Amino acid sequence: MLSRTAENLFWMARYIERAESTARLITMGQRMALLPGSDFLDEWGSVLRVTGCEAFLDHSGPATQADIVRILLLEPDNPSSIQSCLVRARANAKSVRTALTQEMWEALNLSWRRLEDCSLEDAGRDLSPLLDWVKTRASMFRGAVDTGLLRNTGYDFIRIGGGLERAQMTLRLLEVKYYVLLPETEVVGGGRDHYQWTSVLHALSGSRAYHHVYGGVHTPWQITDFLMVNRTFPRSVTFCVDQMGWHLGLLARDYGGAERCRATLGELSDLLAAGGDGALFQRGLHESVQQCLALTNRLASEIAEAYHF
Amino acid sequence: MAFYELHDPQGAVRECYAEVQRWIQATGIAGLRHRSAEAEAIFRRIGITFAVYGEGGDPERLIPFDLLPRVFSRLEWQRLDRGIRQRAQALNAFLFDVYHRGEILRAGLIPPELVYQNEAFRPEMLGFDPPGRVYSHIVGIDIVRTGPDTFEVLEDNCRTPSGVSYMLENREIMTRMFPELFSHGLVTPVDTYPAQLLQSMKEVAPPGCKGDPVVVVLTPGPLNSAYYEHSFLADLMGIELVEPADLFVDRDRVWMKTIAGPRAVDVIYRRIDDEYLDPLAFRPDSMLGVPGLFHAYRAGGVTLCSAPGAGIADDKAIYVHVPDMIRFYLGEAPILGNIPTWQCGKPEDRAYVLAHLGELVAKETHGSGGYGMLIGPRASPAAIDAYAHRILADPGGFIAQPTLELSTVPTLGAEGVVRRHADFRPYCLVGSEMRLVAGGLTRVALTEGSLVVNSSQGGGVKDTWVLRD
């Protein structure tokens, strides 16, 4: 496989995943900002901070939902906005049309310009349906990959890119929570903190799944455990790390060259494994999350190096 | 009155159109229009688009597809087939000749300056024998019909003629939407084209190639207007679609960068112009090319399809001499005629052209795609005057031809089935033997009376049927 093809597949998967994750992040911000008293807490500001998009804010004072819609949904110059993620995913796909199935291409090509023509007012009014639309597009794409694509090297790069981006977004969602309110070590029975924690679960479509694993009580460390350490929840960091490990293993078997990536992945894996039973939380959630993010970034550049991107 | 291909001189439906006519009547105009919208939706979803340079607007617009097929009878095709092969063979013989001894120039049939001072001529190619002595591996010949029995060649395309993906996709859409039309086996299939193309390119692998040749399609990238076609062909042949940055040259061989390291490439079907192939050999300011590619080619490490410099054979100033080439190299009479052409570089021709510009079609010799041409009968006096000044400024850069009565074909229009002018481009493959799929691309001018069929100027495309007996 051409290195450029691998790179395009890797990034295509990342951008699709990022579009969906950003949609989920906005959903979470929306829920948090609706809570009483949130005017003082700058939820939207923390959403911008964790996505690295503060620079796009064009006024002083706390960010508003309208800012978020402009910056994270529509802004064509922001590489993290949903609009540019969809455009870039399609551009990546277009460069490697022959490595895609017809259905994958159609999933990316269908109405890819919808956001281009969307005004700020319309997007603000129809925010929830638009975010749902983004998630549906991502699901369609994954469905097409799942049911039609050969389980070959291209598939490995898609899964690695998707896993990487998803792990990073789960980590970022936890960061928003950190910025909004420092976690309490108490059992959360109700009130603002409870809603914030459950907003994180909700944004990741994990509220029901959480109950199946931990029963009916929400505690910050169990929620953290679920999102970081759990091996069965597909949006947990550990799950994503396992997924990348499996596919990097297949690449290493066929092409070699992945020693450093796999070492980094091992480091990440060990860090997470040692963090069970609330240990991550005790060590400092913010520090743990930062450490994981740094390792995933390193991993991304090591993958590019190993396969000559 | 232009020849209408649906009817014979008595106004009855010609036999080869019987099936199409039956189908039009059975489906009805409303039904056809409905299915036409459906076809467009399929094209857009698949992503067959065509960008137009220098026009701005939608870079991914569709070429309009007209549902009504254009039909050739078996007999008509037999003649076209022989004429096309003959022309492709003569053009390749001409290319070999001008890059070697130049016999045809010595014989006084073509003025040497027309060749040696031509921008498309590549002195770097002199004395080099490309594998199989093939220069133009895909020859696209634009043919117009001016009467029941007259087919004439409008121009030749020896570099990298585009549009073959439309030939394949148009048929694919038609068989998908109207399987009943094809169930009797009346229409010759065209879907063998990709396999034949691959076979032809493998046959011209360089002498040093051992085993099964590795063939790739080289594209400038997704922003190119024909990118869809590049990826489509690579896909159907099951070979890699590479960009220049994917290739590098080492020890006179070309390598592509893969995740497992470098892999040797034997044959490159390049869809990049000569100038941009290799900054070391051609344009030094090209950001596109592969440094050292031309050297590797001359050293026999790789084959380029088409050969650099193949464009000299399809230059509009050379075009007038193709019938001479056929007689000179093959000793045969040309089966397909040329259109009478005045060369503005010749004083007597120029005087005629300037006096009759209002009746003629004038073109730039190096232009393509319908750009920079003047259709006298439809141009304003001011436009004609401006064009005359352009000709005077650079006479050798222009030719002129009579305004032809291009045949019309049945086309779905607002008022039902209407007559529209059309041309035809078949694709002749040249490897160690010649191959020609029975079919090609029919382009149709969708505006009433218009003679410009180029997709860049609002033309559309049609499925083209060659009937079996």
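With a 10 Å Cβ neighbour count serving as the proxy for reagent exposure, in which order, fewest first, do B:M373, B:M177, B:M287 appear?
B:M287, B:M177, B:M373
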On the Cα set of the range B:207-301, report Rg and Dmax in Å, please. 12.9, 37
Could you work out the Kirkwood radius for the range B:317-433, taking every pair of different alpha carbons, averaging 1/r and inverting it, reported in Å? 16.5 Å
How would you classify the range B:299-367 from its alpha-carbon gyration tensor, with a ≥ b ≥ c the square roots of the eigenvalues: rounded for a/c under 1.5, else prolate if a/b is greater than b/c, otherwise oblate? oblate
Percentage, to the nearest whole number, of Cα pairs in the range B:175-261 over 14 Å apart: 74 percent
The summed charge of the B:P308 Cβ neighbourhood (under 10 Å; Lys/Arg +1, Asp/Glu -1) stands at -1
With the range A:3-306 reduced to its Cα atoms and the Debye formula applied, log10 I(q)/I(0) at q = 0.08, 0.09, 0.17 1/Å amounts to -0.34, -0.44, -1.50
If packing is taken as the average count of other Cβ atoms within 10 Å, what order do B:316-323, B:87-94, A:18-25 fall into, highest mean first? A:18-25, B:87-94, B:316-323
Per-residue mean of C-beta atoms belonging to partner chains within 10 Å, peptide B:246-252: 1
3J(HN,Hα) from dihedral phi, the range A:239-247, Karplus parametrisation 6.51/-1.76/1.60, rounded to Hz, x for glycine, proline: 4, 5, 5, 4, 4, 5, x, 4, 6
Treating only Lys and Arg (+1) and Asp and Glu (-1) as charged, each at its beta carbon, one finds that the range B:340-403 has a dipole about its Cα centre, in Debye to the nearest 20, of 80 debye
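Local charge sum around B:A393 (other residues, Cβ-Cβ under 15 Å, Lys/Arg +1, Asp/Glu -1)?
Around B:A393, the charge tally is -1.
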By counting other Cβ atoms within 10 Å of each Cβ, how are A:Y179, B:Y166, B:Y228 ranked from fewest to most? A:Y179, B:Y228, B:Y166
Per residue of chain B, what 222 nm ellipticity follows from adding -39500 (n - 2.57) for every DSSP H run with n ≥ 4, rounded to the nearest 500? -8500 deg cm²/dmol
What is the projected area of the convex hull of the Cα atoms of the protein assembly as shown, averaged over all directions, in nm²? 39.0 nm²
Eligible lysines near B:K363 by straight Cα distance, threshold 21 Å, same-chain separation 8 or greater: B:K316, B:K346
Of A:W105, A:W133, how do they rank once you tally other Cβ atoms within 10 Å and put the fewest first? A:W133, A:W105
Could you work out, residue by residue across B:255-263, how many beta carbons of other chains sit within 10 Å of that residue's beta carbon, and then give the average as an integer? 6
Beyond 40 Å, what share of the Cα-Cα pairs of chain B is found? Please give it as a whole percent. 20 percent
Within 10 Å of each Cβ of A:94-101, how many other protein chain Cβ atoms are there on average? 6
P(r) weight above 17 Å for the range B:340-403, C-alpha pairs, percent: 27 percent
Can you give the helix-only mean residue ellipticity at 222 nm for chain A, where every DSSP H stretch with n ≥ 4 adds -39500 (n - 2.57) and the sum goes over all residues, rounded to the nearest 500 deg cm²/dmol? -23000 deg cm²/dmol
Whole-Hz Karplus couplings 3J(HN,Hα) for the range B:136-152, θ = phi - 60° and coefficients 6.51, -1.76, 1.60, Gly and Pro as x, run 10, 8, 10, 9, x, 10, 7, 10, 10, 10, 10, x, x, 10, 10, 10, 10
Net charge within 14 Å of A:C85 by Cβ-Cβ distance, Lys/Arg positive one each and Asp/Glu negative one each, not counting A:C85 itself? +4
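Every read-out reported here was derived from the displayed coordinates using simple, explicitly stated rules and does not represent laboratory data. Note that the coordinates shown come from a computational prediction; the quantities given were computed from them, not determined experimentally. Positions of Cβ are backbone-derived with ideal geometry, glycine not excepted, and every protein chain shown enters the neighbour counts.
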